[in-house]
Structures are given as C-alpha cells and as structure tokens.
Amino acid sequence: MPRQTLDEARLHPAIRDTVANLHVDIVHNVHAATLSNPVLVVGMAGNPFCRKARKALDTAGIAHHYLEYGSYLSRWRERNALKMWAGWPTFPMVFVKGNLVGGADDLKRLIDNGELKRLLGE
C-alpha cells in the first residue's frame, strides 16, 4: 500500500501553491543528486548517525556524495520538506542508485551482508 498523503482536492485552493512549492528547490536538489550519484548521503551537522553512515562507506571503500542541510538548530524546515518528500523520518537518508535504502543502521546491514555491492553492480 502506498504511503498516504492528503489529496490535493482536500487543500483549500488558496494554499495549494504554497504546499506544492514549499522548499521545492531543496527537494529538487536532492532528487537530482540521487540520480547523478550512485551513493548519496543526505545529512545534517552534529548528527552522529550521519557521521556513522559516511564512516561505514569510507571503511568499505565505497565512494559517496554528501549533502548537508543545517544542524539541529538550523534549516529544520528544509529538512522537514525532505522528510515529507521521502517519507523517511530521520537523518541520514541514504540513497543507492536513486533508491532510498534507509539510514545509518540500514546502510551498515547492507554493507555487512554484501547487498550494497550487489546493488551497485560490483
């Protein structure tokens, strides 16, 4: 079953444009990066799980691109737009070949069981 979102018909016409375009630049930037980087980590400063994900990739010798959006006290609205877009509640968000694979712990499992290299075609 797909993730439910509020149907556009249930939004008052006066706010539809606001809802459709809220932080659309950030969402487009991340979406484009998912398509142009085999492994993308989207994170935030000060988050130990973002560091953990990047370190796991470095240790495994897997190149990745990193995008950082603020810290615990800044840019939270933009990160919220990314959470709403992806449906993933936490950071980091790790994408492999355009697909969201989860966060740091999910990434570590994929590395440990060899699935990440399979997804990358290695």
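The values are calculated or read from the model by the stated rules, or taken from the named source; none is laboratory data. Keep in mind the model is a prediction, meaning the values are calculated, not measured. When we count neighbours, we look across all protein chains shown, and the Cβ atoms used for this are built from the backbone with ideal geometry, even at glycine. These area figures cover heavy atoms from the full protein model, side chains too; ligands, DNA and RNA do not enter into them. Shrake-Rupley method; radii C 1.70, N 1.55, O 1.52, S 1.80 Å.
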Enter the Cα centre distance for the pair region 101-118 and region 1-43, rounded to the nearest angstrom. 25 Å
What FRET efficiency would be calculated for the residue pair LYS55, ASP17, taking the C-beta separation as r and a Förster radius of 41 Å, to the nearest 0.05? 0.50
Mind checking the angle between helix 24-36 and the chain's longest principal axis? C-alpha axes, 0 to 90 degrees, to the nearest 10. 30 degrees
With a 1.4 Å probe and all protein chains left in place, how much of the accessible area of region 45-122 comes from carbon and sulfur atoms, in whole percent? 53 percent
With -39,500 (n - 2.57) per DSSP H segment of 4 or more residues and division by the full residue count of the chain, the 222 nm estimate, nearest 500 deg cm²/dmol, is -14000 deg cm²/dmol
Over the chain, give the accessible area per residue in Å² for a 1.4 Å probe, as an integer. 63 Å²
Assuming 0.36 nm per residue, please report the length gained on full extension of the stretch GLU122 to ASP106 beyond their Cα-Cα distance. 3.9 nm
Starting from the Cα gyration tensor of the chain, take the square roots of the eigenvalues, sort them a ≥ b ≥ c, and report rounded, prolate or oblate (rounded when a/c is under 1.5, otherwise prolate if a/b is larger than b/c, else oblate). prolate
Dipole moment magnitude, nearest 20 debye, region 1-104 about Cα centre, only Lys, Arg, Asp, Glu C-beta charged: 340 debye
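Averaging the inverse of every distinct alpha carbon separation and then flipping it gives the Kirkwood radius. What is it for region 17-57, in angstrom units?
Working: mean 1/r = 0.0837 Å⁻¹.
Computed over region 17-57, the radius equals 11.9 Å.
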